[in-house]
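Working notes, beginning with the structure itself.
The values are calculated or read from the model by the stated rules, or taken from the named source; none is laboratory data. Given the structure is predicted, the values throughout are model-derived calculations rather than measurements. Heads up, the Cβs are rebuilt from the backbone with ideal geometry, glycines too, and the neighbour counts pull from every protein chain shown.
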Amino acid sequence: MKPYPYYETRPVSALKDVITWPAERTPEKDAFRVRIDRKHYRGISWKQFEDDVNALGTALLARGLQGAHICVIGENSYEWVLVYMTVLCGVGVIVPLDRDLPAERLAEQMQFADAGAVFFSKTYESTMENLAPSLPGMELFSNTNGTETFGITLDTLLKEGRALLARGDRTYLDAQPDTEKMAAILFTSGTSGASKAVMLSQKNLIASFDCACKHISYTGDDVMLSVLPLHHAYESNCGILAMLHTSTVVCFNENLKYFFDNMKLFKPTGMSLVPMFSETMYKQVIEGAKRMGKYKKLMVGRRLSHFMQKIGLGVPRRLFRDVYEPFGGRFRKAFVGGAALDPQITAFFRDLGIVMLQGYGITECSPLVAVNREKYYNDSSVGPVLPCCEVKILDGEILVKGDNVMLGYYKNPGATRDAFSDGWLCTGDLGYLDEKGFLHITGRKKNLIILSNGENISPEELETDLARIPFIMEAVVYESGGIITAEVFPDAAAAQDEGVTDTEAFLREKIDELNARLPQYKQIQAVKFRNTEFEKTTTKKIKRFVLNK
């Protein structure tokens, strides 16, 4: 494989351009599709989206919220994106809130962010009503998709804005926010302790999604399903802004229980995922084939497809109709981030005609830093670095400089100073660049185990090895009393289904086999089994700092 030219993207000087360009050229084309029921959806055109953004923005400015910090919380929805884009394009600073946080943490974040308004879905109406007395600086509460039992409804604000526009109010239409000033405050997930509030500008966001689109191709036929929580920088930028930038249709998966229904309803061509989703899909394909007595046929088809791709003939998709059917029939690409994805899963899906492109980013980089390409990839890496930034490795740590790098941490100048070294952002992630320019992640600097003999061990590397052992659902490696310890959550039910009567004994034997392949200093010396899964952040990353070491 050889590198090839970047895909062309249209110029974007401000986020409003992402809306105005398609609204002028393809006003009736769907920008979004929203579920009505299992068999029906409604389309929202680019013209309607532009009109809604202008109406909401006009209403908010008329209510004196220019420059305000405005929160949004709720399920993935058109209304969420409408609020997000409206605020970014000319009102003030958007503050997406994690919908899985407890009420007291939401209150703390809204207070810390100096929020002057909050938009919430019906699910959070009672929460906001209860929190209102503790939020004296909140000038506006708005319910995005409910009745006006608490706060003003989004529909009411849209009507206000349309009436003002009809009377010639151009305040929002003519707004030209400074693209280099703070436009968004995003809270990190806090895998190793307290979360920080990252300040991003329009320039940061544009650099990230524009370069994502230079790396990966989209066509006018693409339909993307928004699955991951929108408050996360990965989904809001790569799953929404990048799609709007390419005029790709965006559909919403509002609840995981509707995931497969929505796949069949919207028939998406792609999604942004975390490894947990990819692993679940892999297991479903394998188990489904076994259940239907078609596992051997699937494997033969995979080998044939692999050979045909190697000689340039493409994927014989008709061989894998049973695989595609649960995913709507058109699914062909996914972008995976947030944690390491087993290269074996990536290779499996590629042979079946579904490309899973692993990437790397952090909220502080808006978030994307690197991503594999369709025809230039290394499944063991997170891909080549984006053209909007530079990466260098200093003492094993990944440092980043470029237009995608944050302004700093809100109200935390000390942490901001600590995060930079001579203008380079210190990511806290360990890795290396190979001779072809692919970035590889080997672990977290804070998690690094330093032995008394001076040897360094990345627990994430061992965790990847453990994840490949059958019946290990989750594993965390750490040092405890000078001993390399693996804490394991086994899938006892799956083991029993396969005839394994003593899961712990089976896994200890497999870990011994792993140790035999490792240098002595890296070998796992103790194994602890647990009956429950590890405590996680709302982005499904294990909270290492709460483990009893």
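Table for the structure above
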read-out: Test: residue in the range 15-35 that is buried (at least 19 other Cβ atoms within 10 Å of the Cβ), touching a helix residue (DSSP H, G or I) at 6+ places or on another chain (Cβ under 6 Å) and part of a loop (DSSP other than H, G, I, E, B); value: yes
read-out: Residue pairs meeting the criteria (Cβ under 9 Å; at least 6 apart or on separate chains; first farther than 21 Å from LEU205 by Cβ, in the range 163-180; second aromatic (Phe, Trp, Tyr)); value: LEU164/TYR172; LEU165/TYR172
read-out: Residue match in the range 96-105 (condition: at pLDDT 95 or above, under 30 Å from ALA419 (Cβ atoms) and buried (at least 22 other Cβ atoms within 10 Å of the Cβ)); value: yes
read-out: Residue that is loosely packed, with under 12 Cβ neighbours inside 10 Å, under 30 Å from PRO102 (Cβ atoms), among the charged types (D, E, K, R) and within 30 Å of the chain's Cα centre (by Cα), where the choices are GLU533, GLU474; value: GLU533
read-out: SER236 being more than 25 Å from PRO413 (Cβ to Cβ), in contact with a strand residue (DSSP E or B) (Cβ under 9 Å, 6 or more places away or on another chain) and crowded, with 24+ Cβ neighbours inside 10 Å; value: yes
read-out: Given (1) assigned to a loop (DSSP other than H, G, I, E, B); (2) touching a strand residue (DSSP E or B) at 6+ places or on another chain (Cβ under 8 Å), number of the condition GLU460 does not satisfy; value: (1)
read-out: Residue in the range 377-412 that is surrounded by the most Cβ atoms within 10 Å (Cβ to Cβ), counting only those that are free of Cβ contacts under 8 Å to residues at least 60 places away in the same chain, not in a loop (DSSP other than H, G, I, E, B) and not charged (D, E, K, R); value: ILE398
read-out: Condition met for MET292 (without any contact (Cβ under 8 Å) to a residue 24 or more places away in the chain and more than 29 Å from ALA31 (Cβ to Cβ)); value: no
read-out: Every residue from the range 295-318 that is in contact with a Leu (Cβ under 8 Å, 6 or more places away or on another chain) and either among the polar types (S, T, N, Q) or exposed (fewer than 11 other Cβ atoms within 10 Å of the Cβ) (or both); value: SER305
read-out: Selection within the range 262-294 - among the small types (Gly, Ala, Ser) and either part of a loop (DSSP other than H, G, I, E, B) or surrounded by 20 or more Cβ atoms within 10 Å (Cβ to Cβ) (or both); value: GLY270, SER272, SER278, GLY293
read-out: Search result, residues across the range 108-125 that are touching a residue at least 24 places away in the same chain (Cβ under 8 Å), surrounded by fewer than 18 Cβ atoms within 10 Å (Cβ to Cβ) and of a type outside the set (S, T, N, Q); value: PHE112, ASP114, LYS122
read-out: Tally of residues being among the charged types (D, E, K, R) and outside any strand (DSSP E or B) across the range 463-482; value: 3
read-out: Residues of the range 295-328 satisfying the condition of being assigned to a loop (DSSP other than H, G, I, E, B) and over 28 Å from ASN237 (Cβ atoms); value: ILE311, GLY312, LEU313, GLY314, VAL315, PRO316
read-out: Qualifying residue in the range 126-136 (condition: of a type in the set (Gly, Ala, Ser) and either surrounded by 17 or more Cβ atoms within 10 Å (Cβ to Cβ) or not in a helix (DSSP H, G or I) (or both)); value: no
read-out: Residue satisfying condition, being buried (at least 20 other Cβ atoms within 10 Å of the Cβ), in contact (Cβ under 8 Å) with a residue 12 or more places away in the chain, touching a helix residue (DSSP H, G or I) at 6+ places or on another chain (Cβ under 8 Å) and assigned to a helix (DSSP H, G or I), within set GLU79, GLU160; value: GLU79
read-out: Long-range neighbours under 8 Å by Cβ, at least six apart or interchain, first residue closer than 17 Å to GLN520 by Cα and touching a residue at least 40 places away in the same chain (Cβ under 8 Å) within the range 479-498, second of a type in the set (A, V, I, L, M, F, W, C) and assigned to a loop (DSSP other than H, G, I, E, B); value: GLU479/LEU451; ILE484/ILE524; THR485/ILE524; ALA486/ILE524
read-out: Yes/no for ALA117 being more than 25 Å from ASN262 (Cβ to Cβ), in contact with a strand residue (DSSP E or B) (Cβ under 8 Å, 6 or more places away or on another chain), at pLDDT 95 or above and part of a strand (DSSP E or B); value: yes
read-out: Residue within the range 297-318 that is under 21 Å from VAL223 (Cα atoms) and touching a residue at least 12 places away in the same chain (Cβ under 8 Å) present; value: yes
